[in-house]
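Student: This structure is in structure tokens; I'll ask about it shortly.
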Amino acid sequence: MLEKLEDLVKKFDALTERSADPAVLARQDEWRKVVKERSRIEPIVDTFHAYKKAISNSEQAEALRDAESDPDLVEMAADEAKAGREQAAALYEKLKILLLPPDPNDDKNVIMEIRAGAGGDEAGLFGRDLMRMYRMYAESQRWKVEDISVNIGELGGIKEAVFMITGDSVYAKLKFECGVHRVQRVPDTETQGRVHTSTVTVAVLPEAEDIVVEVNDRDLQVDTYRSGGAGGQHVNKTESAIRITHLPTGLVVTCEDERSQIKNRDKAMRVLKSRLYDMYQTQADKEYAERRKGQVGTGDRSERIRTYNFPQGRVTDHRVGFTLYNLPVFMNGDIGELIEGLRLADQTEKLNRPE
């Protein structure tokens, strides 16, 4: 590992020189790639330098301890040597995490899909609450949320909601939200105060780029229709809503959020490509996913990943046994602590994975 780190230091120095090269600066696309790669390596290089400094400090303190005869100086040097070793050990563990291969999707925007599962109207109402939770979390991260398709039920709940979140490292933070979310609470429709259990499914798809998923027009069936809604001059008068069917796979995507047919088609295509990317990736990773079943980040949407227990005010993520007793705050978008716990658990699992 140390040899690999020394190579990264050389690469970092070379990238630093290239980023200041006028010839590279003149080619903006190349310059941006150089700067991005340099930024990715920089935390590793900085940590490695700190690690080597801690080792050096520890060795110097040990040499002083062995050379001194004054008891006070010997004790002081021994304490410094111990502190240096402990700091070096902590930095070494941090380096192992930093050297883990990055998820190529981590920097991507996401298409998030929320669907009511078991529980009827209550499932839809909780789906609405989850969408609000993710919107509030996105706002705290300074991300942008853009609706693509929202199907509202009779009581104001969500049968299905599809929306895009754009910003920095969106997929990296939201990818562990994929799965079945279970809620236990007394529904507003319950007259006898009984606790009901309902489920909602959440899918988190990295936005697919054109270079990743190619879609031929001949494989598409595009239908237009009049969008429904609460009323107004525009509703049901123009066929602006879009339904796209991908004939080879049977995937169907609809979008009626915009009044422009062109804008709705553009949004629908973005969702279709992301769903195709997810489907192809799932097929490719199926054998590996089966080996990792039950681990963080499997993406297995048939599993219950989390329970929201309102009577007890707690939320529990079953993949890592992580429980928080601040459910009202959590539902207001303060989900960062759990997301960090899932991220650390995923890193630990990767570190312990056999080569």
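Student: If the reach is capped at under 23 angstrom between alpha carbons, list the lysines near residue 11, excluding any in the same chain fewer than eight residues apart.
Tutor: 33, 36, 52, 53, 94, 96
Student: Would you work out the charge dipole size for region 2-98 about its Cα centre, treating the Cβ of every Lys and Arg as +1 and the Cβ of every Asp and Glu as -1, and quote it to the nearest 20 debye? Don't skip to the answer; put the middle values down first.
Tutor: Working: 17 positive and 22 negative charges, 196 e Å.
The dipole of region 2-98 has a size of about 940 debye.
Student: Ok, one more. With a ≥ b ≥ c the root eigenvalues of the C-alpha gyration tensor of region 32-131, is it rounded (a/c under 1.5), prolate (a/b larger than b/c) or oblate?
Tutor: Numbers: a/c = 6.28, a/b = 2.41, b/c = 2.61.
Because a/c hits 1.5 or more and a/b fails to exceed b/c, region 32-131 counts as oblate.
Student: Which label belongs to the value computed from this structure, given these candidates for Rg and Dmax of the Cα atoms in Å: [x] 20.9, 62; [y] 29.9, 105; [z] 26.0, 94?
Tutor: Label [z] holds the value from this structure.
Student: Still on this structure, I have one more. Loop-only check: which trypsin sites (Lys or Arg not before Pro) in region 8-37 are DSSP coil with at most 15 other Cβ within 10 angstrom? Could you put the intermediate results ahead of the total?
Tutor: On the way: sites: 10, 11, 18, 27, 32, 33, 36; in loops: 27.
In loop regions of region 8-37 (DSSP not H, G, I, E or B), the sparsely surrounded trypsin sites (Lys or Arg not before Pro) are 27.
Student: How much length, in nm to one decimal, is gained on full extension between residue 263 and residue 46, taken as 0.36 nm per residue of separation minus their Cα-Cα distance? The partial results should precede the final answer.
Tutor: Details: separation 217, 0.36 × 217 = 78.12 nm, distance 4.50 nm.
Roughly 73.6 nm would be gained on extension.
Student: How do 319, 243 rank when sorted from fewest to most other Cβ atoms within 10 Å of their own Cβ? Can you show the working numbers first?
Tutor: Values: 319 22, 243 16.
Lowest to highest Cβ neighbour count: 243, 319.
Student: Please work out how much length the chain gains when fully extended from residue 280 to residue 239, using 0.36 nm per residue of separation minus the C-alpha to C-alpha distance, in nm with one decimal. Display every interim value, and only then the final one.
Tutor: Numbers: separation 41, 0.36 × 41 = 14.76 nm, distance 3.20 nm.
Net length gain for the segment: 11.6 nm.
Student: Between 0 and 90 degrees, rounded to the nearest ten: what's the tilt of helix 261-284 against the longest Cα principal axis of the chain?
Tutor: Computed tilt is about 60 degrees.
Student: Let me ask something additional. Under unit Cβ charges (Lys, Arg +1; Asp, Glu -1), what dipole magnitude, rounded to 20 debye, does the chain have relative to its Cα centre? Please report the intermediate quantities before stating the final value.
Tutor: On the way: 53 positive and 63 negative charges, 291 e Å.
Computed charge dipole of the chain: roughly 1400 debye.
Student: Could I ask something else about it? For the chain, find the longest principal axis of its Cα atoms and tell me its angle to the long axis of helix 336-352, 0 to 90°, nearest 10.
Tutor: Around 60 degrees separate the two axes.
Student: Continuing with the same structure: With contacts defined as alpha carbon pairs under 8 Å and 6 or more residues apart, what's the relative contact order of the chain in percent?
Tutor: Working: 560 pairs, mean separation 51.2, N = 355.
14 percent.
Student: Please determine, in degrees from 0 to 90 and to the nearest 10, the orientation of helix 2-19 with respect to the longest principal axis defined by the Cα atoms of the chain, where the helix direction is its Cα long axis.
Tutor: Between helix and principal axis, roughly 70 degrees.
Read-outs: derived from the displayed coordinates by stated rules, not from any lab. Computed from a prediction, not measured in an experiment: that's the story for all the values here. Because the Cβ atoms are built from the backbone with ideal geometry, glycine has one as well, and the counts that use them run over all protein chains shown.
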